[in-house]
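Structure first, commentary second.
The values are calculated or read from the model by the stated rules, or taken from the named source; none is laboratory data. Quantities reported herein were computed from a predicted structural model and do not represent experimental measurements. No Cβ is skipped: glycine too gets one built from the backbone with ideal geometry, and neighbour counts run over all protein chains shown.
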Amino acid sequence: MEKPRQIVFATNNGHKLAEIRRIMGREWDVLSLSDIGCDADIPETAETLQGNAEIKARYVKDCFGYDCFADDTGLMVDALNGAPGVYSARYAGPGHDSAANMALLLENMKNENNRKAHFSTVIALVTGDEIHFFEGRVDGEILREAEGTDGFGYDPVFRPDESDRSFAQMSADEKNAISHRGRATAKLIDYLKTL
Ligand code: IMP
């Protein structure tokens with residue numbers, strides 16, 4: 001078997017890393033920020049997913065010299081005019097965790113009958129002096145209460161249209177096959193194969 005090709009994924013989020021490694025398979029050796037000795041908490045100061053993904057990928061290229069990709073994800077809820085969106089990680093305020101974010105989302109949605117929402121992921125890939133973007137989206141609805149214990153982030157309160165279960169009730173492979181990150185990563189892999 002050929003040696004896996006190395007690439008850096010600009011994250012220290014263990015859940016994202018595990019998903020991406022599983023999706024990319026044995027052909028790729030995906031290194032995290034800590035694997036390259038980077039313990040920076042790269043500030044996500046842009047107002048778009050694309051902007052934040054670009055900041056993270058460029059930071060690694062500029063400071064460490066590695067070709068790299070980064071992702072940024074948001075949960076957009078129709079009845080909340082697209083919130084929490086690009087601010088999904090900080091919805092309940094800085095320093096709050098996923099439980100607090102989900103609790104606030106369920107509270108803000110408690111009188112809403114329109115439950116439509118989608119996850120979007122943008123991946124930025126920096127290779128040499130080029131940058132490329134890959135997007136993935138999954139449509140679904142916000143549940144009335146958290147269901148399931150797998151996955152991470154908002155997974156327990158999101159049910160994709162393709163299923164009758166929340167992301168947190170699915171196996172890793174079931175989620176990756178239809179998820180925002182799975183779809184964006186499939187496009188990234190197709191592109192990497194052409195290099
Ligand atoms: P970020 O891409 O790390 O900025 O993530 C934004 C927010 O969305 C964080 O609160 C994450 O926990 C959450 N999030 C990211 N990806 C997923 C996912 O695949 N499922 C559920 N929540 C996610």
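Key figures for this structure:
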read-out: One residue from Asp39, Asp29, Asp78 being surrounded by fewer than 17 Cβ atoms within 10 Å (Cβ to Cβ), touching a residue at least 24 places away in the same chain (Cβ under 8 Å) and touching a Pro at 6+ places or on another chain (Cβ under 6 Å); value: Asp29
read-out: Selected residue (only one of Ser34, Ser98 is among the polar types (S, T, N, Q) and surrounded by fewer than 15 Cβ atoms within 10 Å (Cβ to Cβ)); value: Ser34
read-out: Every residue from the stretch 61-87 that is in a helix (DSSP H, G or I) and either within 18 Å of the chain's Cα centre (by Cα) or more than 15 Å from Ala124 (Cα to Cα) (or both); value: Cys63, Phe64, Asp78, Ala79, Leu80
read-out: Residue list for the stretch 45-65, restricted to those being crowded, with 17+ Cβ neighbours inside 10 Å, under 11 Å from Ala10 (Cβ atoms) and touching a residue at least 24 places away in the same chain (Cβ under 8 Å); value: Asn52, Ala53, Glu54, Lys56, Ala57, Arg58, Tyr59, Val60, Lys61
read-out: Test set (1) among the hydrophobic types (A, V, I, L, M, F, W, C); (2) within 16 Å of the ligand (Cβ to nearest atom); (3) over 17 Å from Thr73 (Cβ atoms) - Ile131 fails condition number; value: (2)
read-out: Sole residue being within 11 Å of the ligand (Cβ to nearest atom), of a type in the set (Gly, Ala, Ser) and closer than 25 Å to Arg183 by Cα, chosen from Ala83, Ala89, Ala79; value: Ala89
read-out: Test: Met102 is out of contact with any Cys (no Cβ under 7 Å at 6 or more places or on another chain), touching a residue at least 60 places away in the same chain (Cβ under 8 Å) and hydrophobic (A, V, I, L, M, F, W, C); value: no
read-out: Subset of the stretch 88-139 [in a loop (DSSP other than H, G, I, E, B), over 17 Å from Asn13 (Cα atoms) and among the small types (Gly, Ala, Ser)]; value: Ala92, Gly93, Gly128
read-out: Residue that is farthest from Lys110 (Cα to Cα), among those in the stretch 148-195 that are acidic (Asp, Glu), more than 9 Å from the ligand (Cβ to nearest atom) and assigned to a helix (DSSP H, G or I); value: Asp190
read-out: Cβ-Cβ under 7 Å pairs, at least 6 apart or on other chains, the stretch 135-159 side over 9 Å from Phe119 (Cβ atoms) and among the basic types (Lys, Arg), far side at pLDDT 95 or above and within 13 Å of the ligand (Cβ to nearest atom); value: Arg159/Gly140; Arg159/Leu143; Arg159/Ser166
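Residue by residue, here is whether (1) within 16 Å of the ligand (Cβ to nearest atom); (2) within 22 Å of His118 (Cα to Cα) holds:
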position	(1), (2)
Glu2	no, no
Ala10	yes, no
Trp28	no, no
Ala40	yes, no
Ala53	yes, yes
